[in-house]
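The values are calculated or read from the model by the stated rules, or taken from the named source; none is laboratory data. Since this is a predicted model, take the numbers as computed values, not measurements. All Cβ positions, even for glycine, are placed from backbone atoms using ideal geometry, and neighbour counts span all protein chains on display.
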Amino acid sequence: MKKHYDVIVVGARVAGSAFAYEMAKAGYEVLLLDKSTFPSDTLSTHNFYGNSLAMLREMGVLEALLATGTPTYKRAVVQFEDAVIDGFFPEVMGETECLCIRRTHLDAILFEHASAQERVTALEGFRVAELIEEDGKIVGVAGVYQNGERGQFRARLVVGADGRHSRVRHLAGSACLQAVPTDFASYVGYYSNYKQDGELHAELYKMGDKIAIVFPTSDRLYVVGVMFPLKDEEWMKRFKASPEEAMNRILRTGFAGSPLPERILHAELAMPIKGLLGYDNDWHQGMGPGWALVGDAITFKDPAVGQGMQDALYGARILTGVLSGFPDWDASWDEMASLYQARMEEKMMFHFHLACQYTKNAPFTEEQKLVNRLIASSPEATSSFLGIYNRAAGPQELEQAIHRLIPVQEAASGSSEPA
């Protein structure tokens, strides 16, 4: 195989395969590397909203993903203490459905799709150990094949799509620009025989100091995630001693007043519980001479907001657009880096800050409780609230919808004073 390319992409899951596809379509020669082989699993909530489905359709991969039998859904039920927000995601980019597909299906299909592009060379089972630097610029990678042999490849640009513990980011010396540590431990399990009322839907609960999320996923399973404070020593001990027993117990006892305890009582755990004990919501410098980052490598957000997968797709497109606008990369690293950072922040920073709010163990204020009840009382406000997640609406639309409800609430209470 060739040793020189326009771009080397390290990491071939969502961000890496999407970026390799986009760059090949833009006319660049791409080497796509991953230390794993596919199909393989990875810890993830793996949810796509409608805006992501639109991008997957444009990439030509959506039909293959749907052919796995993974169901789509368009309803969400969000319970914040006593406020139940129940509605449908608004249409965005022509799509109304959402898709939560297991990574064993998703990553293999995206990798195969990227590999099939004329200008993409794909290599599984190659672990990048070093970046090759010359004259202050990254010019390639050195690594190890699964059989132990060493190899090197060179390119005009090396892109790290290798996750929240990115080795490319570490070796390139990318600066961490923001970091907000979580207050929570997170555990995830896959369940069969989980029964919902009505049509399939996503569930999100925030009750006291605990959060739970539920999505219908592939293979007739539901993915269930729970978060509790890291400082809760009792629950930490329970999960370390017996994750399955602790998961079932916290879901049954920690979410009283919601349908979750009854639903999990009759469900069956299909595979071992996985945990994530502490992490940062972070944002890094995205580009430097000869290197760039996409996906979780540049910014990782709390999985409770479900934005990581679609931001991987957005980042792939944004980086491709920046690179395509500069014929001479070597003369433009600073300009490209500045433009890439600005476009990424414009697209994703609101949801990054939203994730930072979720990641802190802070009880709802009385004002927040009132706002939650107002949203729950109004189909318009509910649609705007859910539209924030699939980018069909922004915070201003939700604020306007809430403000329109305040006079109604005041009239109902018989008070002229703000609630």
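In this structure, is residue 20 in contact with a Phe, Trp or Tyr (Cβ under 6 Å, 6 or more places away or on another chain), on the phi < 0 side of the Ramachandran plot, in contact (Cβ under 8 Å) with a residue 12 or more places away in the chain and crowded, with 22+ Cβ neighbours inside 10 Å? Criteria not met by residue 20. Filtering segment 109-119 to residues that are more than 12 Å from residue 218 (Cβ to Cβ) and either assigned to a helix (DSSP H, G or I) or modelled with pLDDT under 95 (or both) leaves 110, 111, 112, 113, 114, 115.
Given 387, 315, 394, which one is touching a residue at least 12 places away in the same chain (Cβ under 8 Å), within 22 Å of residue 11 (Cα to Cα) and either surrounded by fewer than 21 Cβ atoms within 10 Å (Cβ to Cβ) or touching a helix residue (DSSP H, G or I) at 6+ places or on another chain (Cβ under 9 Å) (or both)? Full working, then the answer.
Details: 387 fails: within 22 Å of residue 11 (Cα to Cα); 394 fails: within 22 Å of residue 11 (Cα to Cα).
Exactly one residue qualifies, and that residue is 315.
In segment 78-108, the qualifying residues are those that are part of a loop (DSSP other than H, G, I, E, B) and not charged (D, E, K, R), and the one that is farthest from residue 150 (Cα to Cα) is 90.
Kindly establish whether residue 159 is surrounded by fewer than 22 Cβ atoms within 10 Å (Cβ to Cβ) and among the aliphatic types (A, V, I, L, M). Full working, then the answer.
Details: surrounded by fewer than 22 Cβ atoms within 10 Å (Cβ to Cβ): no; among the aliphatic types (A, V, I, L, M): yes.
So residue 159 does not fit the description; no.
Residue-level check: of (1) over 17 Å from residue 46 (Cβ atoms); (2) part of a loop (DSSP other than H, G, I, E, B), residue 244 misses just (2).
Condition test on residue 342, is it surrounded by 20 or more Cβ atoms within 10 Å (Cβ to Cβ), among the small types (Gly, Ala, Ser) and within 20 Å of residue 298 (Cα to Cα)? Outline the logic, then answer.
Values: surrounded by 20 or more Cβ atoms within 10 Å (Cβ to Cβ): no; among the small types (Gly, Ala, Ser): yes; within 20 Å of residue 298 (Cα to Cα): yes.
Taking the combined requirement at face value, the residue does not satisfy it.
Among the residues here, residue 169 does not qualify as more than 25 Å from residue 306 (Cβ to Cβ), at pLDDT 95 or above and either outside the structural domain of residue 126 (by TED's automatic domain parsing) or charged (D, E, K, R) (or both).
Is there a residue in segment 349-357 that is part of a helix (DSSP H, G or I) and more than 23 Å from the chain's Cα centre (by Cα)? Among the residues of segment 349-357, not one is part of a helix (DSSP H, G or I) and more than 23 Å from the chain's Cα centre (by Cα), which makes the answer no. Listed by position, the helices (runs of 4 or more DSSP H) inside segment 1-77 whose residues that are in the same structural domain as residue 171 (by TED's automatic domain parsing) and more than 19 Å from the chain's Cα centre (by Cα) number at least 1 are 14-25.
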